[in-house]
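Undergrad: The structure that follows is given in the form of structure tokens.
The values are calculated or read from the model by the stated rules, or taken from the named source; none is laboratory data. What you see is a predicted model; the values in this text were computed from it and never measured. Here Cβ is always computed from backbone atoms with ideal geometry, including for glycine, and neighbour counts include all displayed protein chains. Note: accessible area is taken over every heavy atom of the protein model, side chains too, but ligands, DNA and RNA are not part of it. Shrake-Rupley method; radii C 1.70, N 1.55, O 1.52, S 1.80 Å.
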Amino acid sequence: MNAANPSQALEHAFAVLRENDRGTYTVPTKGLYPFQWNWDSCLTALGLAELDEDRAWTEIETLFAHQWPDGMIPHIVFHVPSDTYFPGPNVWGTNRPTPTSGITQPAVAGFAAKRLFDRAKDKAMAAARCRALLPKIDAWHRWFYENRDPHGEGLVAILHPWEAGRDNSVDWDEALAQVPTTGFAPYTRRDTDHANPAHRPTKAQYDAYMWLVEHFRALGWDNSRLHDASPFQVIDPAFNAILIRACTDLAALADELGEAEIAARNSAWAQRALPALDTLWSAESGRYLARNRVTDKLIDSQSIGGLLPVFAPIPAARCHAIAEHVQGLLKVLNYIVPSHDIGTAGFEPQRYWRGPVWLVTNYMIADGLRNASELAVADRIARSSLELITKSGFAEYYDPKTGEPLGGGRFTWTAAMVIEFLRAQEAELA
Ligand code: GLC
């Protein structure tokens, strides 16, 4: 579906949201992803708010209704059965009342709640909905620092590539090579029924993904044991930066709503984490690098995970370096921001998180650059995003050289991000 002008684009985006709306939650796109995904939902709520504020809050509340007793918000909630996705509830075996996966995803909820609250037309409703959500989001943040940072260094580890939301990023290659790829049940992938296999993770990566799932399942999904028992423990700068931004935003929101303890706690987590995040900065790469906690080594991968920390309140000089880097990419690419730098090891323009452009990461980078007053580059990212949907519709991801649509079509969070970009454009023109 192409969209030639802003009002058409907006109508198309709303149509995609409505199509993927299941009443109290949205699915990322039908067929390929028939359940509720964690960070998709939180970011989608921003777009839904333009249609119906009440419905936007419900999106996040539905996700949080499936919080685990230990505080974790799972990455998938399997509300209704579907056989178009693998691995389904039986493979996860988490024994939750409504089945869920057993891992988490980037902590965007705190950011989304604050943004929804700040923009709410119905402030009384927003305050009431936030008051109920605050302790739950706070408990999730606590869960991260307790379970994924057992030595209190201020940085949390992901234990599965899917937790980062950037499933097959080059960032994980080295650490994933240490994960066994035998000794688990035979399986049949379903993603390659819906999308071109050349645009998806490889079989070897999938084998490692499945080994980790079975390993954690054998440990009863006991989060107090998983970290130390995992051969895959990676400190992703993007994942940490999103959590820091969420803690900062939750602290501000809690403060505004008179929840002093939640405010103090979240602000303290962010303050401890920021200097720790800075230890991942690489002057040579002009970006942050991931660290393999098992080997204690930085991972030399030129990916978007190192640029996304601009979403957090990092120092202005770092923001500026990231802005210059993104600007420089336009000399060699038609569309920004690629999930991996062209011309560096591992880049593949059409394979999922190894090169294609995704509108959600564009949105977070542009937001961070705007906060750092790097307005020209932020605007340029927004323009690139809108050019992509104009040319290629609401795809899951896009080739950064040609703009070709890739992966699933009629994608919910792509539509939500378009609504956000158009909203910012309108505000600027006003
Ligand atoms: C893919 C993406 C992940 C997203 C999910 C649903 O697994 O890598 O970030 O949450 O699809 O859209």
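Undergrad: Per residue of region 328-339, what does 6.51 cos²θ - 1.76 cosθ + 1.60 with θ = phi - 60° give for ³J(HN,Hα)? Whole Hz please, x for Gly and Pro, Karplus curve as stated.
TA: x, 5, 5, 6, 10, 9, 7, 10, 10, 9, x, 6
Undergrad: Cα to Cα, under 21 Å, and not fewer than 8 places away if on the same chain: which lysines meet these conditions relative to residue 114?
TA: Candidates past the 8-residue exclusion: 123, 136.
Undergrad: Residues with amide H under 5 Å of residue 340's amide H, sequence separation 5 or more or different chain, H placed in the peptide plane at 1.01 Å from N; which?
TA: 304, 355
Undergrad: Using the Karplus curve 6.51 cos²θ - 1.76 cosθ + 1.60 with θ = phi - 60°, work out ³J(HN,Hα) for each residue of region 156-165 in order, rounded to whole Hz, and write x for Gly and Pro.
TA: So the J values, rounded to whole Hz, are 9, 9, 8, 10, 8, x, 4, 5, 5, x.
Undergrad: Run the dipole for the chain about the Cα centre, Lys and Arg Cβ at +1, Asp and Glu Cβ at -1, nothing else charged, and hand back the magnitude in debye, nearest 20.
TA: Result for the chain is approximately 260 debye, rounded to the nearest 20.
Undergrad: Same structure again: What is the sum of charges, Lys and Arg at +1 and Asp and Glu at -1, for the other residues whose Cβ falls under 14 Å from the Cβ of residue 227?
TA: Around residue 227, the surrounding residues sum to -4.
Undergrad: Still on this model: Calculate what fraction, in whole %, of the accessible area of region 327-430 sits on carbon and sulfur atoms when a 1.4 Å probe is rolled over the protein chains.
TA: Percent of accessible area from carbon and sulfur atoms in region 327-430: 52.
Undergrad: Also, quick follow-up: Report the normalised scattering of region 285-395 as log10 I(q)/I(0) at q = 0.11, 0.22, 0.24 Å⁻¹, calculated by the Debye formula with identical scatterers on the alpha carbons.
TA: Here log10 of I(q) over I(0) equals -0.33, -1.25, -1.43.
Undergrad: Then there's this: Region 1-155: Rg/Rh from Cα coordinates, Kirkwood Rh?
TA: 1.00
Undergrad: In Å, what Kirkwood hydrodynamic radius results for the chain from the alpha-carbon pair distances?
TA: 21.4
Undergrad: Another question, if that's okay. From largest accessible area down, sort 46, 10; use a 1.4 Å probe on the protein chains.
TA: Largest to smallest exposure gives the sequence 10, 46.
Undergrad: Then there's this: Would you grab the residues whose amide H sits under 5 Å from the one on residue 297? Only those 5+ places off in sequence or on another chain, please, with H modelled 1.01 Å from N.
TA: Hits under the 5 Å cutoff: 292.
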